[in-house]
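Q: Quick one: this structure, given as structure tokens, is what I'll be asking you about.
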Amino acid sequence: MGYTHYFKVLKNTDIDAGYKKALPTVKKILNRHADIIQWENDDARPAQCDDEAIRFNGIGDEGHETFMFRPNQGEFDFCKTAQKDYDIVVCEVLIVLAHHIKTLTVSSDGDKGDWSDAVANVKEHYNINSQIEL
């Protein structure tokens, strides 16, 4: 199936306030990694981070599946990264979203070691401790 990160929002919960709180930090993450992400692996438009969605992929062959998170999405979604370069961006964004959206749970094919750089980056740059239990 491939290396995948899964995210689920508790059914019938309002995540809009938490999503909006997360956006400024997510924008900083996307800007910090702008050299390895874009709209789509074959579309050089910048990553999206606004009230409607967070969307990005790796660049060229370093892209895999597009990461997409919308505040009005369904309960469950996932992103296969195949552990390509943009995987760290997906992990950092999920850590920040889980910090602000208390009903968001995240799981992964990876283990704590696979997430260690993302956890350290989010703590160092944004003073957020990971709430993700792998």
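Q: For segment 1-37, how many residues are aliphatic (A, V, I, L, M), surrounded by 14 or more Cβ atoms within 10 Å (Cβ to Cβ) and under 16 Å from T105 (Cα atoms)?
A: 3
Q: Right, something else. Out of everything in segment 15-62 that is farther than 17 Å from V96 by Cα and polar (S, T, N, Q), what residue ends up being nearest to the chain's Cα centre (by Cα)?
A: Here the answer is N57.
Q: Then there is this: What do you reckon, is T66 modelled with pLDDT of 95 or more, of a type in the set (S, T, N, Q) and in contact with a strand residue (DSSP E or B) (Cβ under 9 Å, 6 or more places away or on another chain)?
A: yes
Q: Follow-up. Mind listing whichever residues of segment 123-134 are surrounded by 13 or more Cβ atoms within 10 Å (Cβ to Cβ), out of contact with any Lys or Arg (no Cβ under 6 Å at 6 or more places or on another chain) and either closer than 13 Å to D87 by Cβ or without any contact (Cβ under 8 Å) to a residue 40 or more places away in the chain (or both)?
A: K123, S130, Q131, I132
Q: Let me ask another. So which residues in segment 65-91 are in contact (Cβ under 8 Å) with a residue 60 or more places away in the chain and in contact with a Gly (Cβ under 7 Å, 6 or more places away or on another chain)?
A: Those that are in contact (Cβ under 8 Å) with a residue 60 or more places away in the chain and in contact with a Gly (Cβ under 7 Å, 6 or more places away or on another chain): K80, A82.
Q: In this structure, is K84 among the basic types (K, R), over 11 Å from the mean Cα position of the chain (by Cα), in a helix (DSSP H, G or I) and farther than 26 Å from L10 by Cα?
A: It is false that K84 is among the basic types (K, R), over 11 Å from the mean Cα position of the chain (by Cα), in a helix (DSSP H, G or I) and farther than 26 Å from L10 by Cα.
The values are calculated or read from the model by the stated rules, or taken from the named source; none is laboratory data. Worth saying up front: this structure is predicted, and the values here are computed from it rather than measured. No Cβ is skipped: glycine too gets one built from the backbone with ideal geometry, and neighbour counts run over all protein chains shown.
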